[in-house]
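S.K.: Let me give you the structure first, and then I'll get to my questions.
The values are calculated or read from the model by the stated rules, or taken from the named source; none is laboratory data. In this text, all values refer to a predicted model and were calculated from it rather than measured experimentally. Cβ: placed from backbone, ideal geometry, glycine included. Neighbour counts: every protein chain shown.
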Amino acid sequence: MLNLVAINAAYIVAAGLFIFGLKMLGHPESARRGNFLSAIGMLIAIVVTLLSEGILTWYWIAICAVIGSIIGASAARLVAMTSMPEMVAVFNGFGGAASLLVAWAALFDAQGLFVAITVTLSVIIGGVTFAGSVIAWGKLSEVMTSRAIVFNGQRIVNSLLLLALLASAVMFCLEPSAQSPYLYGVIGLALILGIFVVIPIGGADMPVVISLLNSYSGLAACAAGFAINNIILIVAGSLVGAAGIILTNIMCKAMNRSLGNVLFSGFGAVKTATKVEGEVKPISAGDAYLILEAANSVTFVPGYGMAVAQAQHVVCELGELLEAHGCEVSYAIHPVAGRMPGHMNVLLAEANVSYDQLVEMADINPRLPSIDVAVVIGANDVVNPSARDDEGSPIYGMPIINVDEAKTVFVLKRSMASGFAGVDNPLFMGSNTRMLFGDAKASISEIISEFKP
Amino acid sequence: MDLMFIYLALILVLAIFLGFELISKVPATLHTPLMSGANAISGITIVGALLAAGGSENTTLATWLGAAAVVFATINVVGGYLVTDRMLGMFRSRTDKTDE
């Protein structure tokens, strides 16, 4: 049996390992060891807790930990890299749910106003995180529509929900007990609020939502830490909370929108873009091959469409063939390409693209005018010049990858439907743009077969 | 109790500042593994779940709540760390590739 001092000392070691682990996650060479360190920290925290005086029986712990480990390990092993966003969404939700339950259970041991307030906070944040993450998972895995769900009076409904939630929370705190009907009210309303907060957000805005839910799952753990007076929950929870907030901020900046704008407005409802008139110039895979074969520098610009078409492996193969021809190949990645921060990087890394070829938007833009061919695969808004030039466009002001400045642009596209935000893209009519219609994976495979005699 | 709260609040403030400092230096390439790694850390709530699930000899409502929390938190912890490791294993530099 360990006493409180020994346990808290071990928690400090665990906190140190989390901090070092996060620091090492900042470099590709050290990231894997960093994650390992952080896992060791978690193991230490778990083991000393199990050895503490507070644990009287291991019976339920053993059963539940085995169930959880099996589910977690198989999910981690089996998930496809393209499905990573929904996986992270679900894990966020489970973290939130666990914090909600921990705070609720804490009411059986401790009483008082301070405990009641922290329990309420933890239950609200945990509940919103859980329900919001389930909806985010539904949207990302296309179990439900990924479009924004908007209805009349949505703001009024949300405000009423929030008011009811606050009222129940106050009533509960005035007379806290684990079986208080107001507690059930707080839990129920937090879950409903979580659903309503996420349904009006469209698929293309998901990177922001996932980052925010990630932050919430940390804050929920942090609030639970206050409820049960536990320092490791507070430290680890607030580290995660801070990480999520930073990522949320980066995503919002990359879309030139405020967090409030992402959360509370259905996209594109206010302004209409100037319709672009012009003719698109299609190209065949054979002609595309001739141009690529002569190019000295090629940059690939992937978007969510690449993930949908599962084209990352053929893209990488084409990149390697081009390099073998003496061509300089890079991959330009917009911060919000895909459905979560860094989504495209993971897909390309899986397809064996080395990370020094993955270039950020700020680094590729100055180089684009000297690049021979920019190949856009399943990206639309992040390469749309109207974000730069057309003040009427709903995405005006969003930083983009200036592919239109490259000498030649190939756009791989299934057909001439407009992009996710429903705005027309003048890039498609550009004088140096050639459209390669069809499934991205099939089109690139065709180009590859031209390379092989 | 009051002084305890001040200590906890101090820890909170320092940890948040530290988090901001650590994370703002992570390159965009690693944002997905960073997020899932941070997500695994948020599974720290498992500590509270263990205390709730094992805190009483009798099976009470608190035990049930704790037990459910253990399941959720273990999925979060085990799955989060493993999937992050799997992702990071894919990130290779040009020199790593030629070594193979």
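S.K.: Take A:Glu360 and decide whether it is surrounded by fewer than 19 Cβ atoms within 10 Å (Cβ to Cβ) and over 27 Å from the mean Cα position of the chain (by Cα).
M.R.: Values: surrounded by fewer than 19 Cβ atoms within 10 Å (Cβ to Cβ): yes; over 27 Å from the mean Cα position of the chain (by Cα): no.
No.
S.K.: Looking at A:Asn365 and the list (1) among the polar types (S, T, N, Q); (2) buried (at least 24 other Cβ atoms within 10 Å of the Cβ); (3) without any contact (Cβ under 8 Å) to a residue 60 or more places away in the chain, which single condition is not satisfied?
M.R.: (2)
S.K.: Restricting to region B:78-96, and then to whatever is small (Gly, Ala, Ser) and crowded, with 18+ Cβ neighbours inside 10 Å, can you tell me which residue is nearest to the other protein chains (Cβ to nearest Cβ)? Give the derivation first.
M.R.: First pass over region B:78-96, keeping only residues small (Gly, Ala, Ser): B:79-80, B:89, B:93.
Keeping just the survivors that are crowded, with 18+ Cβ neighbours inside 10 Å gives B:79-80.
On the way: B:Gly79: 3, B:Gly80: 5 Å.
Ranking the candidates gives B:Gly79 first.
For (1) farther than 30 Å from A:Leu2 by Cα; (2) at the interface with chain B (Cβ under 7 Å from one of its Cβ atoms), each residue gets a yes or a no:
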{"residue": "A:Met24", "(1), (2)": "yes, no"}
{"residue": "A:Thr49", "(1), (2)": "no, yes"}
{"residue": "A:Cys64", "(1), (2)": "no, yes"}
{"residue": "A:Phe108", "(1), (2)": "no, yes"}
{"residue": "A:Ser122", "(1), (2)": "no, no"}
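S.K.: Which of the helices (runs of 4 or more DSSP H) contained wholly in region A:334-429 include at least 1 residues that are farther than 30 Å from B:Asn39 by Cβ and of a type in the set (Lys, Arg)?
M.R.: A:386-389
S.K.: From the list A:Ala76, A:Ala98, A:Ala65, A:Ala89, exactly one residue is out of contact with any Ser or Thr (no Cβ under 8 Å at 6 or more places or on another chain) and either modelled with pLDDT under 95 or not polar (S, T, N, Q) (or both). Which is it? Write out each step before concluding.
M.R.: Numbers: A:Ala98 fails: out of contact with any Ser or Thr (no Cβ under 8 Å at 6 or more places or on another chain); A:Ala65 fails: out of contact with any Ser or Thr (no Cβ under 8 Å at 6 or more places or on another chain); A:Ala89 fails: out of contact with any Ser or Thr (no Cβ under 8 Å at 6 or more places or on another chain).
One residue alone meets the criteria, A:Ala76.
S.K.: I've got another one for you. In this structure, does B:Val47 turn out to be in a helix (DSSP H, G or I) and more than 15 Å from A:Ala236 (Cβ to Cβ)?
M.R.: Details: in a helix (DSSP H, G or I): yes; more than 15 Å from A:Ala236 (Cβ to Cβ): no.
It is false that B:Val47 is in a helix (DSSP H, G or I) and more than 15 Å from A:Ala236 (Cβ to Cβ).
S.K.: A further question follows. So if I check each of A:Asp372, A:Asp381, A:Asp363, which one is modelled with pLDDT under 90 and not aromatic (Phe, Trp, Tyr)? First the steps, then the outcome.
M.R.: Working: A:Asp372 fails: modelled with pLDDT under 90; A:Asp363 fails: modelled with pLDDT under 90.
Of the residues listed, the single one that is modelled with pLDDT under 90 and not aromatic (Phe, Trp, Tyr) is A:Asp381.
S.K.: When you scan region A:105-125, do you find a residue that is assigned to a loop (DSSP other than H, G, I, E, B), within 19 Å of A:Leu213 (Cα to Cα) and in the same structural domain as A:Pro207 (by TED's automatic domain parsing), even just one?
M.R.: Filtering region A:105-125 for residues assigned to a loop (DSSP other than H, G, I, E, B) gives A:107-112.
Filter again for within 19 Å of A:Leu213 (Cα to Cα), leaving none.
No: region A:105-125 contains no residue that is assigned to a loop (DSSP other than H, G, I, E, B), within 19 Å of A:Leu213 (Cα to Cα) and in the same structural domain as A:Pro207 (by TED's automatic domain parsing).
S.K.: So how many residues does region A:381-401 have that are closer than 19 Å to A:Glu360 by Cβ and buried (at least 20 other Cβ atoms within 10 Å of the Cβ)?
M.R.: The number of residues fulfilling the criteria is 8.
S.K.: Going by the conditions given, is A:Phe196 more than 9 Å from chain B (Cβ to nearest Cβ), over 30 Å from A:Pro394 (Cβ atoms), assigned to a helix (DSSP H, G or I) and among the aromatic types (Phe, Trp, Tyr)? If you could, list the steps in order and put the result at the bottom.
M.R.: Values: more than 9 Å from chain B (Cβ to nearest Cβ): yes; over 30 Å from A:Pro394 (Cβ atoms): no; assigned to a helix (DSSP H, G or I): yes; among the aromatic types (Phe, Trp, Tyr): yes.
Answer is no for this residue.
S.K.: Answer yes if at least one residue in region B:48-71 is of a type in the set (A, V, I, L, M), under 24 Å from A:Met340 (Cβ atoms) and within 17 Å of the chain's Cα centre (by Cα), and no otherwise.
M.R.: Just the residues of region B:48-71 that are of a type in the set (A, V, I, L, M), to begin with: B:49-53, B:61-62, B:65, B:67-71.
Pick out the ones that are also under 24 Å from A:Met340 (Cβ atoms) and you get none.
Scanning region B:48-71 turns up no residue that is of a type in the set (A, V, I, L, M), under 24 Å from A:Met340 (Cβ atoms) and within 17 Å of the chain's Cα centre (by Cα).
S.K.: Would you confirm, using the coordinates I've provided, whether A:Thr82 is of a type in the set (S, T, N, Q), surrounded by fewer than 24 Cβ atoms within 10 Å (Cβ to Cβ) and within 7 Å of chain B (Cβ to nearest Cβ)? Walk me through how you get there before you give the answer.
M.R.: Working: of a type in the set (S, T, N, Q): yes; surrounded by fewer than 24 Cβ atoms within 10 Å (Cβ to Cβ): yes; within 7 Å of chain B (Cβ to nearest Cβ): no.
Against the criterion (of a type in the set (S, T, N, Q), surrounded by fewer than 24 Cβ atoms within 10 Å (Cβ to Cβ) and within 7 Å of chain B (Cβ to nearest Cβ)), A:Thr82 does not qualify.
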